[in-house]
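One structure below.
The values are calculated or read from the model by the stated rules, or taken from the named source; none is laboratory data. This one's a predicted model, so the numbers in the text were calculated from it and none came from an experiment. Quick reminder, even Gly has a Cβ in these numbers, built from the backbone with ideal geometry, and neighbours come from all protein chains shown.
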């Protein structure tokens, strides 16, 4: 959520700042703005709405300069409005953009107002810019003023600051929210992540927790949380700007759904031998550590939480190890009992999810055997702070509703459960069959995509519906939960998922001819139970849509509604493959309802605040 781009150079920076904001639109936002050092003052343009509205404003009120900051805001303090949009100014002397939340802003606001600072917004961010101005007025340099200000802040933030007194300089700082430094020839950049800068540079420095950075066109300085000058390593990005382009697809989400066979193949590449998972793919010494694991705790948020729930079924069944899965925002505020030899697993697409990162930090002080991160973003905070890591290699995911990140998380967790099972004496034939299944998974995902047109036609049935019910059993109950989440995220249809056996314990009261019911029907031991649950829906006039394994599709009849047959490869792979039709359903329903598929209202891609 929120996006920062800053640049200092010998050329006009406005086109780069605007292009950078456009590449950050996937994060979710409600207003946009830019501020530049110009004619010995800070000038600003900001507006409620999309970056396109900011571009229109800049055509009407042109702005150019060699040093500036830009921002897309997702409202936390103060309603979305022009006056609450970033950048925030203190007079015409200081400009600041901010991602995150400042928890002690009310006390600081009262203090600054008492000394005569005038507030024009409801935001916590305006407190920060006035605080920096306070230290500038005391005779400090911009770098010193920012360092003094951040020492007084409580909460999570990434900021970029400019001052009219120091032309060509931008100062940034991060605590609990990500920020990267981009290095160019005669120009330097700061941003929330690397995507807005890929068209300008592939050289990046990933700032660490507590870092403060000062950039000028030809140089940069980084200071750690104790104020010591430090050298952070320069990383060369493997991806280029084309990796975050939409190509011929109508939406990023559709592109990313269709990228799943390749993304899963990337996740498996170099990690599977002919008949085994290759050793130490989680890090040096992982094999010896996994042999000691007797319990597993998985902590995540949203879609990643659903991946953890699927893994719980498979870990307990395949590896015979107790597994507990929790929502990170709940876990971090209770006192979990940590059993002996327990592996803590955290899952995050961005690696910067605030609740998940806080849970990881809590776990590291709680006596776990080890911490393992499953993540899609190298150099993210979660990756750096976990002891063991498995990257999902999904590539950039721009659509807010997660697709390929989810399926690659499922696959990464399957690699983990196979290793846990192997070191505990899992039956060799079962183990090798599962490894062989994984080799075929990308092809099965390709075949599942063949349902695209059929599902597009069925999506029109949902256009005027306000509610939907999703059913699954066993490890496919979390897949039903993920299907319901996708539908509600991007089509705004209220959707709920239930374990199908719970249908008669309440949800059946909702079923009528206006209620679409989507059921996930794999070829497993619970199939006949699920058929009975579906019969209950059919008897009440519910409109059924069954996604069925091709080998059991014949168990369902026309009276059961619309049957979509998909080849899953068997129970081990079925949760991954069954996900694809549910993603396609959510996508096509959203399209026919005319919603903003890639940037659904009120949501953000990377949730870096509580």
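Taking residue 64 as the residue in question, decide whether it is buried (at least 19 other Cβ atoms within 10 Å of the Cβ) and part of a loop (DSSP other than H, G, I, E, B). Walk me through how you get there before you give the answer.
Details: buried (at least 19 other Cβ atoms within 10 Å of the Cβ): no; part of a loop (DSSP other than H, G, I, E, B): yes.
Considered against the rule, which asks whether it is buried (at least 19 other Cβ atoms within 10 Å of the Cβ) and part of a loop (DSSP other than H, G, I, E, B), residue 64 comes out as no.
Among the numbered criteria (1) assigned to a helix (DSSP H, G or I); (2) under 33 Å from the mean Cα position of the chain (by Cα), which one does residue 110 miss? In the conditions (1) assigned to a helix (DSSP H, G or I); (2) under 33 Å from the mean Cα position of the chain (by Cα), residue 110 misses (2) alone. Tallying residues that are in contact with a helix residue (DSSP H, G or I) (Cβ under 9 Å, 6 or more places away or on another chain) and modelled with pLDDT under 80 within the range 503-518 yields 4.
Only one residue in 576, 537 is modelled with pLDDT of 90 or more and either outside the structural domain of residue 442 (by TED's automatic domain parsing) or in a helix (DSSP H, G or I) (or both), so which one is that? Give the steps one after another, and end with the answer.
Details: 537 fails: modelled with pLDDT of 90 or more.
After ruling out the rest, the residue left standing is 576.
Based on what the data block shows, is residue 92 without any contact (Cβ under 8 Å) to a residue 60 or more places away in the chain and not in a strand (DSSP E or B)? No, not satisfied. Of all residues in the range 483-496, none satisfies being buried (at least 23 other Cβ atoms within 10 Å of the Cβ), modelled with pLDDT under 80 and either closer than 15 Å to residue 575 by Cα or in the same structural domain as residue 468 (by TED's automatic domain parsing) (or both).
Do we have residue 453 as over 30 Å from residue 278 (Cα atoms), assigned by TED's automatic domain parsing to the domain that holds residue 581 and buried (at least 19 other Cβ atoms within 10 Å of the Cβ) here?
So residue 453 does not fit the description; no.
Please verify whether residue 31 is within 25 Å of the chain's Cα centre (by Cα), surrounded by 21 or more Cβ atoms within 10 Å (Cβ to Cβ), touching a residue at least 60 places away in the same chain (Cβ under 8 Å) and within 27 Å of residue 396 (Cα to Cα), treating the condition exactly as stated. Give the derivation first.
Details: within 25 Å of the chain's Cα centre (by Cα): yes; surrounded by 21 or more Cβ atoms within 10 Å (Cβ to Cβ): yes; touching a residue at least 60 places away in the same chain (Cβ under 8 Å): no; within 27 Å of residue 396 (Cα to Cα): yes.
When the stated conditions are applied, residue 31 does not pass them.
Kindly evaluate residue 447 against the criterion of being surrounded by fewer than 18 Cβ atoms within 10 Å (Cβ to Cβ) and assigned to a helix (DSSP H, G or I). Criteria met by residue 447. Does residue 454 satisfy the condition of being over 18 Å from residue 253 (Cβ atoms), part of a helix (DSSP H, G or I) and without any contact (Cβ under 8 Å) to a residue 24 or more places away in the chain? Spelling it out, it is not the case that residue 454 is over 18 Å from residue 253 (Cβ atoms), part of a helix (DSSP H, G or I) and without any contact (Cβ under 8 Å) to a residue 24 or more places away in the chain. Scanning the range 381-408 for residues that are within 11 Å of residue 348 (Cα to Cα) and surrounded by fewer than 24 Cβ atoms within 10 Å (Cβ to Cβ) yields a total of 2. Identify all residues within the range 221-255 that are modelled with pLDDT of 90 or more and part of a loop (DSSP other than H, G, I, E, B); write none if there are none. If the condition is that a residue be modelled with pLDDT of 90 or more and part of a loop (DSSP other than H, G, I, E, B), then 224, 225, 226, 227, 228, 231, 232, 233, 234, 250, 251 are the ones that fit.
Scanning the range 205-220 for residues that are within 30 Å of the chain's Cα centre (by Cα), closer than 24 Å to residue 66 by Cα and in contact (Cβ under 8 Å) with a residue 60 or more places away in the chain turns up 206, 212, 214, 215.
Given the criteria part of a helix (DSSP H, G or I), at pLDDT below 95 and either closer than 26 Å to residue 600 by Cα or within 26 Å of the chain's Cα centre (by Cα) (or both), does residue 440 qualify?
no
Considering the range 409-437, and only residues there that are over 18 Å from residue 273 (Cα atoms) and under 26 Å from the mean Cα position of the chain (by Cα), the residue that is surrounded by the fewest Cβ atoms within 10 Å (Cβ to Cβ) turns out to be 410. Check whether at least one residue in the range 347-354 is in a helix (DSSP H, G or I), buried (at least 16 other Cβ atoms within 10 Å of the Cβ), in the same structural domain as residue 499 (by TED's automatic domain parsing) and at pLDDT 90 or above, and report yes or no. Looking through the range 347-354, none of the residues is in a helix (DSSP H, G or I), buried (at least 16 other Cβ atoms within 10 Å of the Cβ), in the same structural domain as residue 499 (by TED's automatic domain parsing) and at pLDDT 90 or above. For the range 38-59, the criterion of being surrounded by fewer than 16 Cβ atoms within 10 Å (Cβ to Cβ), on the phi < 0 side of the Ramachandran plot, part of a loop (DSSP other than H, G, I, E, B) and at pLDDT below 90 is satisfied by no residue at all.
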